[in-house]
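Engineer: I have a structure here, written as structure tokens, and I will follow up with some questions on it.
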Amino acid sequence: MVLIKEFRIVLPMTVEEYQVAQLYSVAEASKNETGGGEGIEVIHNEPYTQEECGQSMYDGTQIKDGQYTHKIFHLASKVPAFIRWLAPKGSLEVHEKAWNAYPFCRTVVTNPDYMRENFEIKIESWHIADDMGELENVHKLPPELLAKREVIHIDIANDPVGNKDYKRDEDPKLFHSEKTGRGPLTNDWKKAARPVMCAYKLVTVRFKWFGLQNRVEKFIQTGERRIFTNFHRQVFCWIDKWYGLSMEDIRAIEDKTKHELDKKRQDGEVCGTTAD
């Protein structure tokens, strides 16, 4: 089974602001998802060169220098019950490796200890300024992959959010930024949004597990949309926390977060998003 879905998320900020916003929000969200033996373990977070990466995009262009991260996600309660029943104890860990050559980023998620070559999620992101999500083929997919791709638009203000995910202080229709004056976002907020940008996230899923393809396909379809929607609502509603931070500030926050995650994973209770 191979799924190709392109999520397009329009945001009321600049591409430069989003670079800081995303990294800040990833660090904060990681803490919210870690505790009681579960959550995120940061193995590497360091610069890489184009030669060390050695990977190309679909049009043959080499991925440029950037920041490499390797994380292990200790999942357990964060996967659906039917996978927990089948998977042996200790196998519910996924590895995330990312090459962030902003404004492009490639992230690869695998389960090397159990499913190995039978499971891979690849997320390739382009971040485009002054864009409303209308570029037909920003990833330069060849015709055979373009024919399989499904486009999904996400509206951070108007798309529905599940009851257990909803937080009033993370609702873009209610939030107003004191630092920037942006928000609340009305029903037709995109028409007047300035600044504005779009994150194009191409998700390719390769999965081979006899008898479970349909159930896993449904879980991934709903799960990816849920993650992208909730995360980008946070990115906007946390604007007064990250606005004005430099990349040096972000690297310091990431280093501090790594140590906090190590401690939280050993202590406390399971927290954060769980599977439906």
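The values are calculated or read from the model by the stated rules, or taken from the named source; none is laboratory data. In this text the structure is predicted, and so the values were computed from the model without any measurement. Don't worry about glycine lacking a Cβ; one is built from the backbone with ideal geometry, like all the others, and counts go over all protein chains shown. We work out accessible area using only protein heavy atoms, side chains counted, and drop any ligands, DNA or RNA first. Shrake-Rupley method; radii C 1.70, N 1.55, O 1.52, S 1.80 Å.
Engineer: ILE43 versus (1) modelled with pLDDT of 85 or more; (2) open to solvent by less than 40 Å² (accessible area, probe 1.4 Å); (3) under 25 Å from LYS264 (Cβ atoms): which is the lone unmet condition?
Structural biologist: So ILE43 meets the others, but not (2).
Engineer: Quick one: which strands (runs of 3 or more DSSP E) lie wholly within the range 1-75 and hold at least 3 residues that are farther than 15 Å from PHE231 by Cβ and among the hydrophobic types (A, V, I, L, M, F, W, C)?
Structural biologist: Answer list for the range 1-75: 2-11.
Engineer: Of all the residues that make up the range 157-175, how many are over 16 Å from ASN187 (Cα atoms), open to solvent by 60 Å² or more (accessible area, probe 1.4 Å) and not polar (S, T, N, Q)?
Structural biologist: Total meeting the criteria: 5.
Engineer: In the range 60-77, how many are modelled with pLDDT under 95 and farther than 18 Å from GLU120 by Cβ?
Structural biologist: Result for the range 60-77: 3.
Engineer: So the check is Cβ under 7 Å with 6+ separation or different chains; which pairs have a first residue in the range 63-74 that's open to solvent by less than 30 Å² (accessible area, probe 1.4 Å) and a second one that's of a type in the set (Lys, Arg)?
Structural biologist: Here the result reads ILE63/ARG106; HIS70/LYS97, each pair linking the range 63-74 to a residue that is of a type in the set (Lys, Arg).
Engineer: Provide a single number: the residues in the range 18-29 that are more than 18 Å from TRP99 (Cα to Cα) and open to solvent by 30 Å² or more (accessible area, probe 1.4 Å).
Structural biologist: Residues that pass the stated criteria total 1.
Engineer: Kindly indicate the residue of the range 109-122 that is open to solvent by 30 Å² or more (accessible area, probe 1.4 Å) and of a type outside the set (Phe, Trp, Tyr) and also farthest from ILE63 (Cα to Cα) among those meeting that condition.
Structural biologist: ASP113
Engineer: What single numbered condition from (1) of a type in the set (A, V, I, L, M); (2) open to solvent by 10 Å² or more (accessible area, probe 1.4 Å); (3) within 23 Å of PRO47 (Cα to Cα) fails to hold for ALA199?
Structural biologist: Here ALA199 clears every test but (2).
Engineer: Name every residue in the range 202-225 that is surrounded by fewer than 17 Cβ atoms within 10 Å (Cβ to Cβ), in contact (Cβ under 8 Å) with a residue 24 or more places away in the chain and part of a helix (DSSP H, G or I), in order of residue number.
Structural biologist: Once the filter is applied, which keeps residues that are surrounded by fewer than 17 Cβ atoms within 10 Å (Cβ to Cβ), in contact (Cβ under 8 Å) with a residue 24 or more places away in the chain and part of a helix (DSSP H, G or I), the range 202-225 yields GLN213, ARG215, GLU217, GLN221, THR222, ARG225.
Engineer: Moving on to the next point. In the range 158-189, which residues are in a helix (DSSP H, G or I) and either in contact with a helix residue (DSSP H, G or I) (Cβ under 9 Å, 6 or more places away or on another chain) or not charged (D, E, K, R) (or both)?
Structural biologist: Our first condition is that a residue be in a helix (DSSP H, G or I); within the range 158-189, this holds for 168-170, 189.
Across the range 158-189, the qualifying residues are ASP169, GLU170, TRP189.
Engineer: Something else now. Return the total of residues in the range 86-113 being assigned to a loop (DSSP other than H, G, I, E, B), farther than 15 Å from THR49 by Cα and at pLDDT 80 or above.
Structural biologist: Summing the residues that are assigned to a loop (DSSP other than H, G, I, E, B), farther than 15 Å from THR49 by Cα and at pLDDT 80 or above in the range 86-113 gives 4.
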